[in-house]
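Student: Structure provided below as structure tokens; questions to follow.
The values are calculated or read from the model by the stated rules, or taken from the named source; none is laboratory data. Keep in mind that what you see is a predicted model, and the values were worked out from it rather than measured. When we count neighbours, we look across all protein chains shown, and the Cβ atoms used for this are built from the backbone with ideal geometry, even at glycine.
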Amino acid sequence: MSERPLAGRTVALCVAGGIAAYKAVVVARLLVQAGARVLPLMTASGARFVGKITLSGVCGEGVVDDMWDPKFAGEAHVAIADRADAVAIVPCTADLLARLAQGRADDLVAALALVARTPLILAPAMHPRMWAHPATRRNVAIVAADGRATLVGPVHGEVANGDVGFGRMSEPEAIFAAIVEAIGAIGVQAIGVEAIGRGADLAGKHVVVSAGPTVEDLDPVRFLGNRSTGKMGFAVAAAAAARGARVTLVTGPVSLPTPAGVERVDVRGALEMGAALDRALGDQLADADALVMAAAVSDWRPRERSPHKTKKGAEGTLTLELVKNPDLLAGVGARRGERARPVLVGFAVETDDLLGYARRKRAEKKVDLVVGNLAAHGFGGDDDEVVIVGDGTERPLRASKRAIADAILDEIAARLA
Ligand code: CTP
């Protein structure tokens with residue numbers, strides 16, 4: 001990403017009334033540092049939580065909090081919408097979500113959200129019981145179905161009064177990243193558009209994703225690895241987070257940045273990956289709603305790992321003895337048995353008979369879906385050609401890895417609905 005990815009862009013940053021409002025100041029700062037012009041707005045209750053002077057000082061713009069500000073001749077919401085490349089509501093309270101679901105225009109922020117045609121990024125924050133309440137669930141579902149907004153979070157964690165659950169606002173960096181992504185300022189416009197179309201259909205779900213290669217150390221210097229770059233798994237993790245899920249990403253060594261709002265666990269070998277997945281899935285697999293195994297798990301590891309660098313010696317050959325790694329996905333499939341959750345998705349990289357192997361792996365590993373691709377297509381690129389194999393279904397797809405990720409998540413969301 002360039003250092004000022006938002007140069008020339010304008011973001012309307014709306015602060016609603018919740019304790020998390022103080023973090024909106026940090027979001028404003030990140031946007032300004034990235035080169036954006038930030039137009040700060042506040043609801044009446046937002047102004048109770050953070051000082052106007054603070055916000056306008058950070059943004060270098062006066063705070064607009066009055067629909068009837070004479071400067072705009074009664075059209076403040078339209079004038080601001082026309083200037084902004086994105087509208088972000090940070091934090092988005094339960095009350096504001098309810099008003100957005102109803103399409104109300106009873107204050108400046110709601111009216112702006114209604115009239116804006118640009119990406120709308122919402123960072124919900126509220127007590128976990130408010131987030132879990134059927135009324136809020138309904139409102140989130142309506143806002144998601146409208147397909148106009150990207151929800152970032154909330155995430156699982158501690159809220160202001162010390163209670164723990166889903167409701168804590170995403171961190172400013174994650175919200176900032178979602179705004180950058182939605183605007184398309186890093187040359188990935190399609191990502192924002194795709195994410196916006198889905199809304200927050202995975203809100204409240206925990207999706208565990210594995211990615212990248214596993215590497216099996218031979219000695220402190222050498223390892224056995226494979227050509228996986230992690231792009232597919234990272235795309236799934238990013239897409240799931242953009243759709244509101246809590247995401248745990250267990251990854252082998254890759255050189256990719258952690259997607260916004262994703263909890264990342266770095267591992268090396270297959271056994272270490274297995275242990276990290278077990279922790280994320282929990283006892284009885286009860287802590288996760290879905291597992292997407294995009295990692296290229298090494299089938300073999302050396303029987304012995306030398307604590308010292310192996311010397312080349314005088315011999316012209318070297319024989320390595322390898323032992324089989326457990327099949328992590330098949331292990332989870334067997335433990336799940338007849339239960340419907342977590343939804344299990346595997347991958348199959350093949351050089352021939354793609355459909356045959358994908359179908360067989362689906363049955364043998366007792367998983368819901370296998371995403372098959374040919375080794376010649378998949379590694380390293382941003383696009384891929386896959387077939388998503390389900391129970392008697394086959395969906396071929398040639399698209400960006402992000403779009404494929406969303407197609408996989410569509411299947412998962414349908415099974416979790
Ligand atoms: N997988 C796993 N543990 C392993 C090997 C593979 O969990 N030890 C998972 C991968 O993450 C992937 C799926 O199983 O989701 C299929 O992986 P793949 O390497 O294509 O298949 P294998 O079962 O290893 O079969 P083979 O290498 O013989 O084709």
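Student: With respect to L249, determine if the residue is part of a loop (DSSP other than H, G, I, E, B) and in contact with a helix residue (DSSP H, G or I) (Cβ under 6 Å, 6 or more places away or on another chain). Steps first, answer last, please.
Tutor: Numbers: part of a loop (DSSP other than H, G, I, E, B): no; in contact with a helix residue (DSSP H, G or I) (Cβ under 6 Å, 6 or more places away or on another chain): yes.
Spelling it out, it is not the case that L249 is part of a loop (DSSP other than H, G, I, E, B) and in contact with a helix residue (DSSP H, G or I) (Cβ under 6 Å, 6 or more places away or on another chain).
Student: Then there is this: Going residue by residue through region 50-64, is there one that turns out to be in contact (Cβ under 8 Å) with a residue 40 or more places away in the chain and assigned to a loop (DSSP other than H, G, I, E, B)?
Tutor: no
Student: Follow-up. Just to be sure I understand, how many residues within region 374-403 are in a loop (DSSP other than H, G, I, E, B), surrounded by 14 or more Cβ atoms within 10 Å (Cβ to Cβ) and at pLDDT below 90?
Tutor: 1
Student: If only one of V236, V267 is at pLDDT 95 or above and either crowded, with 22+ Cβ neighbours inside 10 Å or not assigned by TED's automatic domain parsing to the domain that holds K401 (or both), which one is it? Spell out how you get there, then give the answer.
Tutor: Details: V267 fails: either crowded, with 22+ Cβ neighbours inside 10 Å or not assigned by TED's automatic domain parsing to the domain that holds K401 (or both).
Within the list V236, V267, the selection yields V236.
Student: Could you tell me which residue of region 130-162 is farthest from D410 (Cα to Cα), considering only residues that are surrounded by 15 or more Cβ atoms within 10 Å (Cβ to Cβ) and not hydrophobic (A, V, I, L, M, F, W, C)?
Tutor: Among those that are surrounded by 15 or more Cβ atoms within 10 Å (Cβ to Cβ) and not hydrophobic (A, V, I, L, M, F, W, C), it is G157.
Student: For the list (1) outside any strand (DSSP E or B); (2) within 23 Å of the chain's Cα centre (by Cα); (3) modelled with pLDDT of 95 or more; (4) among the hydrophobic types (A, V, I, L, M, F, W, C), I need the number of the one condition that V371 fails.
Tutor: It fails just one condition, (1).
Rundown of residues vs (1) outside any strand (DSSP E or B); (2) at pLDDT below 80; (3) buried (at least 22 other Cβ atoms within 10 Å of the Cβ); (4) out of contact with any His (no Cβ under 6 Å at 6 or more places or on another chain), yes/no style:
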residue: A182; (1), (2), (3), (4): yes, no, yes, yes
residue: I186; (1), (2), (3), (4): yes, yes, no, yes
residue: A190; (1), (2), (3), (4): yes, yes, no, yes
residue: A195; (1), (2), (3), (4): yes, yes, yes, yes
residue: L202; (1), (2), (3), (4): yes, no, yes, yes
residue: V209; (1), (2), (3), (4): no, no, yes, yes
residue: M232; (1), (2), (3), (4): yes, no, yes, yes
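Yes/no per residue for (1) closer than 26 Å to V26 by Cβ; (2) assigned to a helix (DSSP H, G or I):
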site: D82; (1), (2): no, yes
site: V87; (1), (2): yes, no
site: V90; (1), (2): yes, no
site: L100; (1), (2): yes, yes
site: A105; (1), (2): no, no
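Student: Which strands (runs of 3 or more DSSP E) sit wholly inside region 252-343 and have at least 2 residues that are within 16 Å of the ligand (Cβ to nearest atom) and under 28 Å from the mean Cα position of the chain (by Cα)?
Tutor: In region 252-343, the matching strands (runs of 3 or more DSSP E) lie at 290-293.
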